[in-house]
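Below you'll find the structure, written out as structure tokens, and then a few comments.
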Amino acid sequence: MNKNTYYERNNFSIYEVTNKTGIELTLSELKQIELAMLITPKALTTFINILHNPANLDEKKKEKFESIMKQYGFVNSINFEATRTFLISQARKVINLIGSMYLTPQKLYKCAEFGDATYYDRYGIIGFGKSFFSVGTDRKVDTIVHEFSHAVWTSEDTAYNARTAIKDLNFIAQKAQIYQTNEDRDTLLYSAYLFENAVRTAQ
């Protein structure tokens with residue numbers, strides 16, 4: 001079976017990258033992915049709205065804004081402005097990419113590797129692991145946010161363990177808040193784990 005193999009199933013073409021990493025999605029699995037892809041833009045829109053006009057937010061939403069700002073290493077909204085604008089722009093790109101992927105399900109497949117999902121930059125496709133199909137909706141949305149952010153701008157996850165990533169990133173954020181270090185802030189800005197967590201914070 002070669003890397004150009006396609007499967008036809010109920011009008012969907014499922015692309016298999018290789019016979020080792022690409023596995024045909026069942027219709028049920030594909031529908032779970034599609035449902036998460038329909039819900040995720042709403043979560044991203046909520047994130048955008050929190051960041052868009054912080055001066056007019058109610059107290060609860062202001063707390064969420066401040067939490068997101070601190071996660072990215074800032075304590076002052078003026079200094080956070082460029083990062084805030086960038087995150088809004090990137091979140092919109094993720095929404096657009098999700099819409100595009102929804103219309104081209106041949107870029108979605110089941111991955112034989114462990115974990116919820118993996119983005120393959122070489123092929124521009126996302127493989128969903130076995131655990132993705134056994135978790136709740138919030139976790140599925142978090143995974144979609146994480147993996148699609150890789151496709152737009154965030155770095156690979158090789159520097160972090162999924163179980164400890166947020167703890168490690170919080171430590172970097174605290175350093176950035178104290179020392180105002182651009183290097184630390186860049187590390188935070190290009191982390192898919194942090195973007196995933198920031199979007200979850202906005203909900």
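Any read-out appearing in this document is the output of simple, stated calculations on the displayed coordinates, not a laboratory observation. No experiment lies behind these values; they were computed from the predicted model shown. No Cβ is skipped: glycine too gets one built from the backbone with ideal geometry, and neighbour counts run over all protein chains shown.
Brief remarks on what is shown
- For the range 39-116, a Kirkwood hydrodynamic radius built from all Cα pairs, placed in the Stokes-Einstein relation at 4 °C and 1.567 mPa s, yields a translational diffusion coefficient of 90 µm²/s.
- Rg and Dmax [Cα atoms of the chain; Å; Rg one decimal, Dmax integer]: 17.8, 57
- Sparsely packed loop sites in the range 92-163 (the trypsin sites (Lys or Arg not before Pro) outside DSSP H, G, I, E and B with at most 15 other Cβ atoms within 10 Å) comprise R122, R163.
- Simple rule: put +1 on each Lys or Arg Cβ and -1 on each Asp or Glu Cβ in the range 79-203, find the dipole, and look at I178, A159, I144; the Cα lying farthest toward the positive end is I144.
- Note, ³J(HN,Hα) from phi for the range 167-174, Karplus 6.51, -1.76, 1.60, rounded to Hz, x at Gly and Pro: 4, 5, 5, 5, 5, 5, 4, 4
- The Cβ shell under 10 Å around Q177 holds other residues with a net charge of +2, Lys and Arg each +1, Asp and Glu each -1.
- Environment charge of H150, counting only residues whose C-beta is closer than 9 Å and scoring Lys/Arg +1, Asp/Glu -1: -4
- Where chymotrypsin sites (Phe, Trp or Tyr not before Pro) in DSSP loops with at most 16 other Cβ within 10 Å are excluded, longest remaining stretch of the chain: 1-113
- In plain terms, the chain from T201 to F171 could stretch by 9.1 nm, reckoned as 0.36 nm per residue minus the Cα-Cα distance.
- Förster radius 35 Å - calculated FRET efficiency between A159 and S131, Cβ distance, rounded to 0.05: 0.95
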